[in-house]
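Okay, structure first, notes after.
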Amino acid sequence: MSAAAASPGGRMRSWMAEAYPICRSITGDGVRRTLDMIEAALPSGVSMTRTGVPSGTQVFDWTIGDEWNVRAAWVDGPDGRRVVELADHTLHLVSYSAPVRTRLPLEELRPHLHSMPDRPDWIPYRTSYYHRNWGFCLPHRQLESLEPGVYEVLVDSTLEPGELVYGEVVLPGAGAGEVLVSSHVCHPSLVNDNLTGLAVATELIRHLAGLEDRELTYRFLFAPGTIGSLAWLSRSAHVIPQIRHGVVLTGLGGGGPLVYKQTRRGDAYVDRAAEHVVGRRGGEVRGYSPYGYDERQFNAVGFDLPVGRLTRTPHGEYPEYHTSADDLAFVADDELEESLTALVEIVEVLEGDRVLTNLSPYGEPQLGKRGLYPTMGGKSASDVVMAMLWTLAYTDGKASLLEIADRADLPFAAIRAAADDLLDAGLLG
Amino acid sequence: MSAAAASPGGRMRSWMAEAYPICRSITGDGVRRTLDMIEAALPSGVSMTRTGVPSGTQVFDWTIGDEWNVRAAWVDGPDGRRVVELADHTLHLVSYSAPVRTRLPLEELRPHLHSMPDRPDWIPYRTSYYHRNWGFCLPHRQLESLEPGVYEVLVDSTLEPGELVYGEVVLPGAGAGEVLVSSHVCHPSLVNDNLTGLAVATELIRHLAGLEDRELTYRFLFAPGTIGSLAWLSRSAHVIPQIRHGVVLTGLGGGGPLVYKQTRRGDAYVDRAAEHVVGRRGGEVRGYSPYGYDERQFNAVGFDLPVGRLTRTPHGEYPEYHTSADDLAFVADDELEESLTALVEIVEVLEGDRVLTNLSPYGEPQLGKRGLYPTMGGKSASDVVMAMLWTLAYTDGKASLLEIADRADLPFAAIRAAADDLLDAGLLG
Amino acid sequence: MSAAAASPGGRMRSWMAEAYPICRSITGDGVRRTLDMIEAALPSGVSMTRTGVPSGTQVFDWTIGDEWNVRAAWVDGPDGRRVVELADHTLHLVSYSAPVRTRLPLEELRPHLHSMPDRPDWIPYRTSYYHRNWGFCLPHRQLESLEPGVYEVLVDSTLEPGELVYGEVVLPGAGAGEVLVSSHVCHPSLVNDNLTGLAVATELIRHLAGLEDRELTYRFLFAPGTIGSLAWLSRSAHVIPQIRHGVVLTGLGGGGPLVYKQTRRGDAYVDRAAEHVVGRRGGEVRGYSPYGYDERQFNAVGFDLPVGRLTRTPHGEYPEYHTSADDLAFVADDELEESLTALVEIVEVLEGDRVLTNLSPYGEPQLGKRGLYPTMGGKSASDVVMAMLWTLAYTDGKASLLEIADRADLPFAAIRAAADDLLDAGLLG
């Protein structure tokens, strides 16, 4: 293993580079190969469970469609030269393109070609999941240069009964309650959206697997967007009541600050935990909106699960979004590592927050005689002392450590460490 | 009818131009003539009820005073030339001036003359309803030029037992509950304060009369300020319990943004509705203050009616306020029309808001198969789709459409239209 | 008495000038002499009660230590010249320095010397209450110039069983409930921290003693910081349940705006009262923090007393804090007088706030017929009329006069005066 791969950032980059060329969609072998790759990266003793939901299955208001696979797809020009070739870039083919082999003049081909006039060198990402069609995407500069004449088109795809597949990784905890971490596996060669989500989720599994004591159970869901999370919801009636907190992971690189999107209700505990962490890192907190990723399904009125979303700059707010410019160069290792760190900090809150009681509540206890205070008076208190004073001032049997940290404007970890010292000194219980 | 008069702005301007020269006060024939003019402008099938409350009647803490009428009033100078003439401008005479015919030197006349030194060309508006007195108002420049000598003064007025008159126009609704719309009729030749209120109220009656289904009853009150609204309150014990929402209309032209003044409690439903409409139009929302117009009476502790107030720049905040510069040129048609539109939008909220329930609450329903979603994925959702998604996300049987519109930062009409589409599709109930 | 001394500012300055040279600490004769000086300044008929708590007494988590007194302390240089002399400035000696008489080379003396490299002309303030040690403080410029060689050191102090002393001044009120006003007496020659607190507290006693009717009992506590307030709390179990409001006074000069620090809960009545007063004076309101003065003890979870703190620029936020630059020149008379005025205004709220009921609630009462309104209409209402209108609008039997003043954005005194006029007119009850 190289030095780079030994760091979280290096491991995530290597994984993304390998997963990048796979042609994923909401069904098909691309999803299976991606789940294989996630499974291969899991730490020892941790395994993935896969579920296949057959085509034709009703999942709430939706129906699982035929499975889509593609062997080859291209367009040849009037001069016989290859104009567009799926093997060059998975974005070249409109996802779920129906099979076709035909020859047709440019003017008839034209409605099947998609480009971005304002970004003439980029290939856009297009899908047609629920409307049978076919199409190709290419740089606008290339589209503009196409000569009149007859083109030959091949889409060697199949749309046949099969299944929609999703994977779950469960890390059991000692107590009741689950944390749902969900990241979509359906996007082809787009790195920020969403190889970053998959890579960071996998690293988070490594971190959690290494924790000695986990109170909560962590359930990682790797499913195709929308229909995949709905399929999981339809098969998880026994799990749903256990979910206490949740977060959707996507777009965790690409510059810009961390952005946490609140749950629909906006007052869930995970909102408080994530706001504390993301806010202290200079990130943004945004209210819920019904547009986005699978948080839409988890938060729907009928489920009402407290699932937020962590991204950096959200979808649609950076020009590279859903284009070939969302490539490996678009995300940096330190961006992914900060996203991972923020998630680890959120987990520390979920695991470590509690309500404690000051056992020496009649005035301030004498910290000095316990070796917890500087001996020479007259100067300002250190951060460590301040964290203890805040903790003692508000551990009234009602406020939690997270609430105290927010009130004190100190990191949760500082209040948690102070509480541990005070517990050791017998001042809290 | 001219083209101008066919538009709401044109109609309102014509009406105001005709009503401008009438010498109104809190009692007297000026009020009767103004009510005649409003009645004449009502749509067919709609009528006005008038109530006369005799002089001497006790209304709560107040007593209806004598009725004031004036036939003529002027001041002649030492050289016999007319210095001030009521027929030139109704503001020339202090309202409720007692009758007088006398000759007196300038130094004795001077205390009866009112002007604005800082606005030397404008005539101020002064009243002396409850303190028997007489006086004239004139431009300061003119006052300064008065020569010493003996002046002749005539105020040919009467202050005799009569009545205070107010008018009501009621548009019945199908359900319970009334909306009170009140606008004062006591101000003489001042356009923004308050011919605009009367003109916009009359147009709003036209609009409401044309609605097919009205759920609420709309009660328009045209009464003299303070004593008139108190007289109405004293005679309306049967109506008061029905009032659900209310708004005082005045100062609806004159530039500046729309300004909504909240009810005394500040948390009435009409506050939410008006804040939504006025806020989206770039207007201001202000807290209650016990100074202003008849909202003071309706909101008094003993009545506690939820009556807000709609103006543009409020009284006292523009230099033309209560001067001859508040004339027909001071208000523009588009200002009045926007005020009317805002009121129509508030009515749309009052009539159209409701609590609905998502009938497909388990995840997002598949809008595409119902023709409600674009078929090609990968781009942003349209405003119409977003309005549907917001509506589906929050129709939990508790949130109203207005609350959803505020949360979504979308116009109520957009959420209402989305809800109608979703109702048609069977997705809401 | 000089003219200056006849004014509150002059009296406070004279008092501080006399108290400045006394060597105070948390125990010892310096505290006794300071209490003597406060007692001497009390108005006739008002007396101070003193309590001595013996060394070795346990007060909650703390123990009263030995009493510290010092007769002399100095350092002589290798050439026999006096380098540091306690008689020159009480800050020269680390408070609670243990007795020592020794000769030692500079390198061994050096760890016992404290200075401020960034403020080379100032003497810092240092204490060592709970860690037996000795030391001297001096300007950094002087410390830098010390020649190598053998120095002679004398600290002629005693640390022996004695007592901790605090004083109380109680001004009884007609009703139930007490107001605690606390100011620490333990700091040596530092003017803002805390001769200003003691001087303003003494003037406030003069003011309160002169009031005809006091509803509340006012209890002034003059105690050493931390251990002194804890000692008082340990001996005051009968008083604590009576305390309704409280304020710690310190740092009431020295420029900067008034700063009110909230109680721990932040929603006590004294918070509302002080915020009203301090806010209207352009001051700042800050949330509670567990660092500061004796508010830490009063607000501790076990006592939970509603005690805020009034200062100007708080401790640690001005460079002169805890240095010899906090001298008589650092505070100005008008700063102290404004602090006193703010406290008097807070007392006016505590004493004068009440819930009244509008007895003429059906519309606005006719103020004019009661001589409470200008007779000529058409202009803006005066401040006096506005205060009456606000009072009438919200005296619904629930809102207090302070709440009305805040809502009206008017001084409490204006609303209180309006309420008095309306009570006289029979409009309130």
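Looking at the structure I just gave you, is C:G251 assigned by TED's automatic domain parsing to the domain that holds C:V344, small (G, A, S) and in contact with a helix residue (DSSP H, G or I) (Cβ under 6 Å, 6 or more places away or on another chain)? Spelling it out, C:G251 is indeed assigned by TED's automatic domain parsing to the domain that holds C:V344, small (G, A, S) and in contact with a helix residue (DSSP H, G or I) (Cβ under 6 Å, 6 or more places away or on another chain). If you take the residues of region B:136-173 that are part of a loop (DSSP other than H, G, I, E, B), touching a strand residue (DSSP E or B) at 6+ places or on another chain (Cβ under 6 Å) and buried (at least 17 other Cβ atoms within 10 Å of the Cβ), which of them is nearest to the other protein chains (Cβ to nearest Cβ)? Filtering region B:136-173 for residues that are part of a loop (DSSP other than H, G, I, E, B), touching a strand residue (DSSP E or B) at 6+ places or on another chain (Cβ under 6 Å) and buried (at least 17 other Cβ atoms within 10 Å of the Cβ), the one nearest to the other protein chains (Cβ to nearest Cβ) comes out as B:L138.
Can you tell me which residues in region A:283-305 are part of a helix (DSSP H, G or I) and in contact with an Asp or Glu (Cβ under 7 Å, 6 or more places away or on another chain)?
A:R296, A:Q297
Identification of helices (runs of 4 or more DSSP H) wholly contained in region B:311-429 with 1 or more residues that are outside the structural domain of B:E215 (by TED's automatic domain parsing) and in contact with a Gly (Cβ under 6 Å, 6 or more places away or on another chain) yields B:412-424.
If you go through region C:79-122 and keep only what is touching a helix residue (DSSP H, G or I) at 6+ places or on another chain (Cβ under 6 Å) and part of a helix (DSSP H, G or I), you end up with C:L86, C:H92.
Of all residues in region A:222-252, those being within 13 Å of another protein chain (Cβ to nearest Cβ) and under 27 Å from A:A329 (Cβ atoms) number 2. Is there a residue in region C:125-134 that is more than 14 Å from chain A (Cβ to nearest Cβ) and in contact (Cβ under 8 Å) with a residue 40 or more places away in the chain? There is no residue in region C:125-134 that is more than 14 Å from chain A (Cβ to nearest Cβ) and in contact (Cβ under 8 Å) with a residue 40 or more places away in the chain. Once region B:278-301 is narrowed to residues that are in contact (Cβ under 8 Å) with a residue 40 or more places away in the chain and at the interface with chain C (Cβ under 7 Å from one of its Cβ atoms), the residue that is farthest from C:D383 (Cα to Cα) is B:Q297. Annotation: of all residues in region B:26-37 being within 17 Å of the chain's Cα centre (by Cα) and touching a residue at least 24 places away in the same chain (Cβ under 8 Å), the one that is surrounded by the fewest Cβ atoms within 10 Å (Cβ to Cβ) is B:L35.
Please work out if C:G308 is among the small types (G, A, S), away from chain A (no Cβ under 13 Å) and part of a strand (DSSP E or B). Yes: the conditions hold for C:G308. Of the residues in region A:315-335, not one is without any contact (Cβ under 8 Å) to a residue 60 or more places away in the chain and surrounded by 22 or more Cβ atoms within 10 Å (Cβ to Cβ). Answer yes or no as to whether B:G302 is out of contact with any Lys or Arg (no Cβ under 8 Å at 6 or more places or on another chain), over 27 Å from B:V277 (Cα atoms) and not assigned by TED's automatic domain parsing to the domain that holds B:L180. For B:G302, the condition - out of contact with any Lys or Arg (no Cβ under 8 Å at 6 or more places or on another chain), over 27 Å from B:V277 (Cα atoms) and not assigned by TED's automatic domain parsing to the domain that holds B:L180 - is not met.
When restricted to residues that are buried (at least 18 other Cβ atoms within 10 Å of the Cβ), more than 14 Å from chain C (Cβ to nearest Cβ) and in a loop (DSSP other than H, G, I, E, B), region B:253-277 contains 4. For the criterion of being in contact (Cβ under 8 Å) with a residue 12 or more places away in the chain, crowded, with 17+ Cβ neighbours inside 10 Å and in contact with a strand residue (DSSP E or B) (Cβ under 8 Å, 6 or more places away or on another chain), A:L410 fails. Scanning region C:262-302 for residues that are within 24 Å of A:G429 (Cα to Cα) and hydrophobic (A, V, I, L, M, F, W, C) returns C:F298, C:A300, C:V301. Looking only at residues in region B:99-124 that are touching a strand residue (DSSP E or B) at 6+ places or on another chain (Cβ under 6 Å) and within 14 Å of chain C (Cβ to nearest Cβ), which one is nearest to B:D156 (Cα to Cα)? It comes out as B:L113.
Contact map, region B:373-392: first residue at the interface with chain A (Cβ under 8 Å from one of its Cβ atoms) and modelled with pLDDT of 85 or more, second residue in a helix (DSSP H, G or I) and buried (at least 17 other Cβ atoms within 10 Å of the Cβ), Cβ cut-off under 7 Å, separation 6 or more or different chains; pairs are B:W390/B:I404; B:W390/B:A408; B:W390/B:I415; B:L392/B:L422. Among the residues of region B:226-252, those identified as assigned to a loop (DSSP other than H, G, I, E, B) and surrounded by fewer than 24 Cβ atoms within 10 Å (Cβ to Cβ) are B:T226, B:R235, B:S236, B:A237, B:H238, B:V239. For the structure I just gave you, tell me whether C:A87 is within 30 Å of C:E152 (Cβ to Cβ) and out of contact with any Leu (no Cβ under 7 Å at 6 or more places or on another chain). Yes. Applying a threshold of 6 Å to beta carbon distances and a minimum spacing of six or more residues, or different chains, the list of pairs starting in region A:396-407 at a residue that is within 12 Å of another protein chain (Cβ to nearest Cβ) and ending at one that is in a strand (DSSP E or B) reads A:G397/A:T357.
The residues of region B:174-201 that are under 20 Å from B:P314 (Cα atoms) and part of a loop (DSSP other than H, G, I, E, B), listed by number, are B:V185, B:C186, B:H187, B:P188, B:S189, B:L190. Considering every residue within region C:202-219, establish whether at least one is closer than 17 Å to C:F60 by Cβ and not in a helix (DSSP H, G or I). No, because not a single residue in region C:202-219 is closer than 17 Å to C:F60 by Cβ and not in a helix (DSSP H, G or I). A residue that is within 23 Å of A:G302 (Cβ to Cβ) and touching a Leu at 6+ places or on another chain (Cβ under 6 Å) occurs nowhere in region B:344-352. For region B:311-347, give me each residue that is within 14 Å of another protein chain (Cβ to nearest Cβ) and not acidic (D, E). Passing the criteria: B:P314, B:H315, B:G316, B:Y318, B:P319, B:Y321, B:H322, B:T323, B:S324.
The values are calculated or read from the model by the stated rules, or taken from the named source; none is laboratory data. All of these numbers come straight from a predicted model, not from anything done at the bench. Glycine also receives a Cβ, built like all others from the backbone with ideal geometry; neighbour counts cover every protein chain displayed.
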